[in-house]
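No value in this document is a laboratory result; all are computed from the given coordinates. All of these numbers come straight from a predicted model, not from anything done at the bench. Note that each Cβ is placed from the backbone with ideal geometry, even for glycine, and that neighbours are counted across all protein chains shown.
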Amino acid sequence: MIVEAKGVTKRFGGLVALDKVSFEISPKEIFGLIGPNGAGKTTLFNTITGFLTPEEGSIRFEEHEIVGRKPFDVCRMGVARTFQLVKPFNKMTVLQNATVGAFCRTNNTRIAKEVALEQLHFVGLYEKRYVLASALTISQRKRLEIARALCTIPKLMLLDEVMGGLNPFEVREMLHLIEKIRGSGNTLFIIEHIMAAIMSICDRIIVLHHGQKIAEGVPSEVGSDPKVIKAYLGREYVLAQNARA
C-alpha cells in the first residue's frame with residue numbers, strides 16, 4: 001500500500017471533524033472521496049499533507065509515518081495536492097507559477113524551468129507559458145495548479161474538486177488528464193462532487209458523513225449503498241441512474 005490510515009481523529013474544540021477514519025490506497029490507484037459539505041473531506045486531506053495534525057491515529061506513506069511532519073517535508077516525500085480554491089500568483093506568468101513547484105526538488109533555476117515546461121506541456125498549457133496567470137480561464141487555472149503540483153515530482157496526488165465549476169466538455173478533458181497522470185505512474189486521491197465524473201474514473205471510493213466513514217468500495221457498490229443514498233446522493237441520483245440503465 002502507498003497510503004495506510006488507521007483511526008485518524010481530528011477535533012476542533014468540541015467538534016469531531018474526523019472520527020476514527022481508516023483506509024488504504026494502492027499504488028497507481030484512483031481513489032475517490034465523497035460526502036456532503038462539512039463531512040470532513042478537506043480536513044482529511046489536510047491531515048495527510050501536514051497542514052493539520054490529528055489527535056489520534058496513524059497515517060503512513062510508503063511505510064513511513066507522516067503524522068506530525070510539516071507540509072514541505074510531506075511534499076518532499078512525494079505527496080502533492082491541489083486546493084479547492086485555486087489561487088495562482090496572478091502577477092506571475094504561467095511558467096513562473098509552475099517553476100515555483102519545481103524548486104521543491106532543485107535550487108537550479110534552469111533545471112526548475114525545464115521541469116516546469118515539461119509539466120506545462122503535459123497538462124496542455126505550454127502555449128500559455130508566457131501569459132499572466134490572471135488571464136487564464138478557471139479551467140486553465142485548475143490545470144496550472146495541477147502542473148505546479150506535478151513539478152514537485154509526486155508519487156501521490158491529492159486533487160480537491162478539480163472539476164468544480166467546469167462545463168461538461170472541460171470535465172471530460174480533466175478526466176482525460178487524470179487518467180494521463182495515473183498512466184505516468186502516479187497514485188491519485190480525489191475529492192469531487194460531480195458524481196458522474198468520480199463514479200466513472202475511480203477504482204474505489206470512500207464516503208464521509210459527519211467525520212465518519214460510512215461506506216467504502218467500488219463505485220457501483222457505493223452508489224447503491226442505502227446509507228450513502230440517504231446521507232449524500234439522494235433519491236434523484238438513484239432515479240437518474242435507473243433511467244440510464
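Residue order for 157, 92, fewest other beta carbons within 10 angstrom first, comes to 92, 157.
Averaging the sequence gap over all C-alpha pairs within less than 8 Å and six or more residues apart, then dividing by the number of residues, gives the chain a relative contact order of 25 percent.
Loop-located trypsin sites (Lys or Arg not before Pro) in the stretch 62-142 (DSSP state not H, G, I, E or B) with no more than 15 neighbouring Cβ atoms inside 10 Å: 91, 105. Restricting attention to the chain, close to 55% of DSSP beta bridges with both partner residues there are antiparallel. Within straight-line reach of residue 142, meaning a Cα separation under 27 Å, sit the following lysines at least 8 residues removed in sequence or on another chain: 28, 41, 70, 87, 91, 113, 128, 155, 180. Sparsely packed loop sites in the stretch 113-188 (the chymotrypsin sites (Phe, Trp or Tyr not before Pro) outside DSSP H, G, I, E and B with at most 11 other Cβ atoms within 10 Å) comprise 130.
The calculated P(r) of the chain, using every Cα pair and 5 Å bins from 0, goes 1, 6, 14, 17, 19, 16, 12, 8, 4, 1, 0, 0 in percent. Scanning residues 5 or more positions from residue 67 or on other chains, those with amide H under 5 Å from its amide H are 59, with H placed 1.01 Å from N in the peptide plane. By other beta-carbon atoms within 10 Å, ranking 139, 184 with the fewest at the front produces 184, 139.
The stretch 88-153: Rg/Rh from Cα coordinates, Kirkwood Rh? With Rh from the inverse mean 1/r over Cα pairs, Rg/Rh is 0.93. Mind checking which of 205, 195, 169 is farthest towards the positive end of the stretch 161-216's charge dipole, using Cβ charges of +1 (Lys, Arg) and -1 (Asp, Glu) about the Cα centre? About the Cα centre, the residue reaching furthest to the positive side is 205. Helix content alone sets the calculated 222 nm mean residue ellipticity of the chain: runs of n ≥ 4 DSSP H residues at -39500 (n - 2.57) each, divided across all residues, give -11000 deg cm²/dmol. For residue 20, the aspartates and glutamates whose Cα falls under 12 Å of its own Cα, not counting residues fewer than eight places away in the same chain, are 55, 56. Sorted ascending by nearby beta carbons within 10 Å, beginning with the fewest, 150, 52 become 52, 150. Working from Cα pairs under 8 Å separated by at least six residues, relative contact order for the stretch 88-153 is 50 percent. Near residue 125: Cβ cut-off under 15 Å, other residues only, Lys/Arg at +1 and Asp/Glu at -1. The net charge is +3.
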